[in-house]
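The values are calculated or read from the model by the stated rules, or taken from the named source; none is laboratory data. All figures in this text were calculated on a predicted structure; none of them were measured in a lab. Reconstructed Cβ throughout: ideal geometry from the backbone, glycine too, with neighbour counts over all protein chains shown. Note: accessible area is taken over every heavy atom of the protein model, side chains too, but ligands, DNA and RNA are not part of it. Shrake-Rupley method; radii C 1.70, N 1.55, O 1.52, S 1.80 Å.
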Amino acid sequence: MQPANEKIIRKACLRANNDKARMLDILHEVQDQLQCIDSEAMELIAELIGSYRVEVEGVVTFYAFFSQEPKGAITIRLCDDIIDRHEGFKDLVETAEEFLGIQLGQTTEDGRFSLDSTPCIGMCDQAPAALINYQVFTRLTPSKFRTLLRKLRTESDATKLVTRYGDGNNSHHLIRSMVNNYIRQTDKVLLGKIPKEAGLENALSLAPAAVRAILRDAGLRGRGGAGFPTGKKWEFAAQTAATRRYIICNADEGEPGTFKDRVLLTERAHLLFEGMTIAAHAVGAEHGILYLRAEYRYLHRYLEDILKRRRKRGLLGSNILGKDFHFDIRIQLGAGAYICGEESSLISSCEGRRGEPKNRPPFPVQAGYFGFPTVVNNVETLCCVPRILAEGSRWFCGFGTQQSTGTKLLSVCGDCTQPGTYEVEFGTPLVDVLQNAGSKQASAVNIGGASGQMINRDEFKRRICFEDLPTAGAVITFASHRNILDITSYYMDFFIEESCGYCTPCRVGNVFMQQALDKIRNGLGEPSDLDYLKELGKTIIATSRCGLGHTSPNPVLSTMANFPLVYAAMVKANGVGLQAGFNIQDALDEARIIAKRRSLIYDPAYETGGK
Amino acid sequence: MTTKAKTFTIYVDGEAVQAVPGQTIMDACDEAGGYIPRLCDVEGLVPQGSCRICTVKVNGRTVAACTQPAEPDLQVEHETREIHSYRKDLVRMLFHEGNHLCPICEASGRCELQAMAYRLGISQATKYPYLQPVRPVDASHPDIALDNNRCILCGRCIRASRDVDGKNVFEYIGRGIDKHIGVNGANLAATDADIDDYAMSLDVCPVGCIIRKKEGFFNPVGDRQFDRHPIGWEIESKRIPTTDISGPAGSDQEVKP
């Protein structure tokens, strides 16, 4: 190994105190500086942090943003979400392939550029988008992209190519991003005008149990999708006897089509950290972690700065607001893994390991981060907390429905004129949201992203709330000219790519789902394939180990249920006796090559001497 | 450990099974002589719940019996038609994920995947497509070869090496359908793997992935591990002591070569 490289690795490990739990931070630094984490690097890292090579390799190969092969100095990651596909992803790929002379997934010979695609980067309201060395570029067109690429030949700092900044804090000197917030509708809880630190002051004047009681009375439920009562979660963590407890904020917003946490992280960072601090007081935690997805790394410096300011103001650290209460937060950067949005996987990732889910029980509130009781809450959930503490639980219950109190942030995107973030009261009919977003033509709406469901027009009157139409945020509208099967296939590809592979049904079953779906898409499906998909989906849902597997057949099952005609039109009974998916010519090809002659029976051209 | 006082009862398909705190559903059933099919779990290693073949239903929710703690009065559904069908699907998935060509595999007859298929009544090609992976074979080590094409990712070798041998020869690499077992070096010969490691013993690899060189096909057909008894027989024989070698008492299950 070159001494210069060795120095970089040693420095990266030292900066993380040679702590194995900080493996992701170390790998990020090495990847940034050396463009790869090769075999020698893994060996040295293992030696320095008291691990072993194959364990480091296991972590490196788990996360999409780490690479064993050298990446380009300019690493381009085009966002390959279904919305980006509809907005011109393919044109961008062709543009780049032509300009750079490489294929998607390759690196130029001079090591200058590498070209990759990555699932949803949380920019569906300004697609098509790309990450270039973690700098976000939105609303790209082939000509804009070509200009960018030309400049990147000589300019290594992608940040300098951002000429116009987005609204709000996106123009902050520590962000300087072209991302726009697109806040289209505000309400009083999160995106309206908000008093500073009133919730924290109130909370610290109360006993922890009293804070938990207020949360319980407010009926706050987790905004990440599952809707678990937040007060109850805190109660469990507080009741578990332990020497330490942890508060983790889940900012791994990976669900395709969801970007509302991006807006909160940009515009409501103080509110979020205030919420984490209140949570810490309520459950008796001294340590907090913000798990920030790597796609949002452009916000990292800004968020670090806010933490620093809060420490300076006595809102974090020792003796917060002069009380006998100590709490601090560190930011853990993810590295490209959707599964880490699942709370126990997220904890594994924070521990510097492969982001695989843990066995439950014990639940994280009993034994989470390194075995200590851990509360994992979504960004939006934690942002609601200071508001409840400031205004009271009764005020909060004034919004929404009986079982879904408060407001909900929705990420609306797709075929609509006003994509962006909407704060609506729980109970709002979907049709109202669609109307506000300018989506008159929608014939299908995806609610909740890849793991959610695809619904048809008959269901647009349903209300957005836990008791009717729950969503973690995604509302993706599709006009009638969009191909439902293509969309479904995209989502299945997404799950195949993002499955951690730990359990059999999710690892293998989803591949089978995709193959059967492809058969139908290609017009080779038979009616029995529909039953096959249903049965297979049932097995995957029932036997998978975590939420990813439990929801991965949803794209297929919900489109089959709500758009049966789309499937019916594509399958046909086959009277010939051959399996419809079987192509005798394809099957014979390999044998033809080996035998170096054609088949007398199946190659009609043989007799006539044709090709 | 004398925790007799704390013994409690769980109900498996309605039948009372005694359990003690700290036991999983599978532990309790094993002790009572009730076999729950499993591939990734084996006596002596920490259960990890990855193959999912031990899926049972508890209070209407499906869970892995090998990791789910037994609790007083738990109602466990085990041999229902629904659970049986899930298990068959999972075993089929494993067969179709890798390249399992029983007639040319030295593990045939002592292969747990094969034996499980027979036990669950899978004896012919199934509805799933074959993925036919082409994974490299590592024959670098003088005494051991690894044919990853037969790996079912049970991770038993990882745990055996780490927890029993105190080495770290194996670890999971990659994710999703590309997930596979990696070795702690450029190849197996570059690691401290030894033929006498517990991880390399016949007890650990349930299939023909870890191959002990120069000793394949050591048992003639008829004498192999699962030729006379179906998989799970040792556990079931606890319940019904029998001298009959044709299998668990009352079972007329045909065991095919």
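Accessible area drop of at least 50 Å² (1.4 Å probe, protein heavy atoms): which residues of the range B:67-109 qualify, relative to the chain alone?
So the qualifying set is B:TYR86, B:MET93.
For B:ARG239 and B:PHE217 in the same chain, what is the full-extension length gain: residue separation times 0.36 nm, less their Cα-Cα distance, in nm?
On the way: separation 22, 0.36 × 22 = 7.92 nm, distance 3.21 nm.
Computed gain between B:ARG239 and B:PHE217 is 4.7 nm.
In debye, nearest 20, what is the charge dipole magnitude of the range A:1-158 about its Cα centre with +1 on Lys and Arg Cβ and -1 on Asp and Glu Cβ, if you could check?
Details: 18 positive and 26 negative charges, 95 e Å.
Charge dipole, the range A:1-158, about its Cα centre: 460 debye, nearest 20.
Could you sort out which of A:LYS151/A:LYS408; A:LYS461/B:LYS179; A:LYS308/A:LYS408 sit more than 31 Å apart by Cα distance in this structure?
Values: A:LYS151/A:LYS408 41 Å; A:LYS461/B:LYS179 43 Å; A:LYS308/A:LYS408 29 Å.
With Cα atoms farther than 31 Å apart: A:LYS151/A:LYS408; A:LYS461/B:LYS179.
Check each residue of the range A:23-53 and keep those whose accessible area, probe 1.4 Å, is at least 20 Å² smaller with all protein chains in place than in the chain alone; give them in order of residue number.
Listed by number, the residues meeting the 20 Å² cut-off are A:TYR52, A:ARG53.
For the protein assembly as shown, what is the mean residue ellipticity at 222 nm derived from helices alone (per DSSP H run of n ≥ 4: -39500 (n - 2.57); sum divided by total residues; nearest 500 deg cm²/dmol)?
Values: 31 runs with 299 residues, N = 868.
Computed mean residue ellipticity for the protein assembly as shown: -10000 deg cm²/dmol.
Please give the helix A:3-15 orientation as an angle from the longest Cα principal axis of chain A, in degrees from 0 to 90, rounded to the nearest 10.
Tilt of helix A:3-15: around 50 degrees.
Stretch A:ARG150-A:LYS7 to full length: gain in nm at 0.36 nm per residue minus the Cα-Cα span?
48.2 nm
Going 7 Å from the Cα of A:LYS323 along its beta-carbon direction, which residues of the range A:199-231 have the amide nitrogen within less than 19 Å of the resulting point?
It comes to A:199-218, A:231, nothing else.
Carbon-plus-sulfur fraction of the accessible area of chain B, 1.4 Å probe, in percent? If you can, show how the numbers build up before the last one.
Numbers: 6030 of 11850 Å².
Answer for chain B is 51 percent, counting heavy atoms of protein chains only.
If you filter the range A:425-515 for trypsin sites (Lys or Arg not before Pro), then keep DSSP loop positions with at most 13 other Cβ within 10 Å, what is left? Spell out each step's value before the answer.
Numbers: sites: A:LYS440, A:ARG457, A:LYS461, A:ARG462, A:ARG463, A:ARG482, A:ARG507; in loops: A:LYS440, A:LYS461, A:ARG462, A:ARG482.
Answer by residue number: A:LYS440, A:LYS461.
How tilted is helix A:379-391 with respect to the longest principal axis of chain A? Cα atoms for both, answer in degrees (0 to 90, nearest 10).
So the helix axis and the longest Cα principal axis differ by about 30 degrees.
Rolling a 1.4 Å sphere over the protein heavy atoms, what is the accessible area per residue of the protein assembly as shown, to the nearest Å²? Before the final figure, lay out each step's value.
Values: 35970 Å² over 868 residues.
It amounts to 41 Å² per residue over the protein assembly as shown.
Using only C-alpha positions, report the orientation-averaged shadow area of the convex hull of the range B:96-212, nm², one decimal. Display every interim value, and only then the final one.
On the way: hull surface 29.9 nm².
Convex hull of Cα atoms, orientation-averaged projection: 7.5 nm².
Give the B-A buried accessible area in Å², both sides summed, 1.4 Å probe, nearest 100. Show your work: numbers first, answer last.
Working: alone 13510 and 25780 Å², together 35970 Å².
Counting protein atoms only, the buried area is about 3300 Å².
At 7 Å along the Cα-to-beta-carbon direction for both B:THR80 and A:SER143, put a label point, then send me their distance in nm to one decimal.
6.3 nm
Can you run the Rg to Rh ratio on the protein assembly as shown? Use alpha carbon positions and the Kirkwood inverse-distance Rh.
Ratio value, two decimals: 0.97.
Out of A:CYS500, A:LEU600, A:ILE82, whose Cα points farthest toward the positive end of the dipole of the protein assembly as shown (charges: +1 Lys, Arg; -1 Asp, Glu; placed on Cβ)?
A:ILE82
With a cut-off of at most 11 other beta carbons within 10 Å, and DSSP calling the residue loop, which trypsin sites (Lys or Arg not before Pro) in the range A:181-270 qualify? Please list them.
A:LYS193
Starting from the 7 Å offset along Cα-to-Cβ, what nm value, one decimal, do you get for the label separation of B:GLU106 and B:ALA125?
The answer from the label model is 2.9 nm.
Could you pull out the longest piece of chain A with no exposed loop GluC sites (Glu not before Pro) in it, calling a site exposed if DSSP puts it outside H, G, I, E, B and it has at most 13 other Cβ atoms within 10 Å? Can you show the working numbers first?
Values: sites that count: A:GLU109, A:GLU155, A:GLU467.
That gives A:156-466 as the longest site-free run.
Would you grab the residues whose amide H sits under 5 Å from the one on A:ILE248? Only those 5+ places off in sequence or on another chain, please, with H modelled 1.01 Å from N.
So A:ILE248 has HN proximity to A:ILE289, A:VAL375, A:VAL376, A:ASN377.
Return the long-range amide H neighbours of A:ALA367 (sequence gap of 5 or more, or a different chain), with a cut-off of under 5 Å between placed amide H atoms.
A:THR374
Looking at chain B, which longest stretch skips every one of the chymotrypsin sites (Phe, Trp or Tyr not before Pro) that is in a DSSP loop with at most 15 other Cβ atoms within 10 Å, leaving the sites themselves out? Could the numbers behind the result be given before it?
Details: sites that count: B:TYR130, B:PHE217, B:PHE218.
Here the longest segment lacking exposed loop sites spans B:1-129.
Using +1 at the C-beta of Lys and Arg and -1 at the C-beta of Asp and Glu, which of A:ILE45, A:VAL60, A:CYS249 has the Cα lying farthest in the positive direction of the dipole of chain A?
A:CYS249
Quick one: what are the phi-derived ³J(HN,Hα) couplings along the range A:351-356, Karplus 6.51/-1.76/1.60 with θ = phi - 60°, whole Hz, x for glycine and proline?
Rounded to whole hertz, the list is 7, x, 10, 4, x, 9.
Which of the residues in the range A:515-543 show a loss of at least 50 Å² in accessible area from their chain by itself to the complete set of protein chains, at a probe of 1.4 Å?
Those residues are A:TYR532, A:THR539, A:ALA542, A:THR543.
How are the C-alpha pair distances of the range A:341-446 spread across 10 Å bins, as whole percents from the shortest bin up?
Calculated P(r), rounded to whole percents: 13, 28, 26, 27, 7, 0.
Each residue of the range A:291-301 in turn: what ³J(HN,Hα) in whole Hz from Karplus with 6.51, -1.76, 1.60 and θ = phi - 60°, glycine and Pro shown as x?
Each residue of the range A:291-301 in turn: 8, 9, 5, 4, 5, 9, 4, 5, 9, 4, 4 Hz.
Rounded to the nearest 10 degrees, what's the angle between the helix A:39-49 long axis and the longest principal axis of chain A, both from Cα atoms, 0 to 90?
The two axes meet at around 20 degrees.
Work out from phi, with θ = phi - 60° and the Karplus expression 6.51 cos²θ - 1.76 cosθ + 1.60, the ³J(HN,Hα) of each residue of the range A:244-260, listed in order in whole Hz, and give x for Gly and Pro.
9, 9, 10, 10, 10, 9, 8, 10, 9, 6, x, 5, x, x, 10, 8, 6
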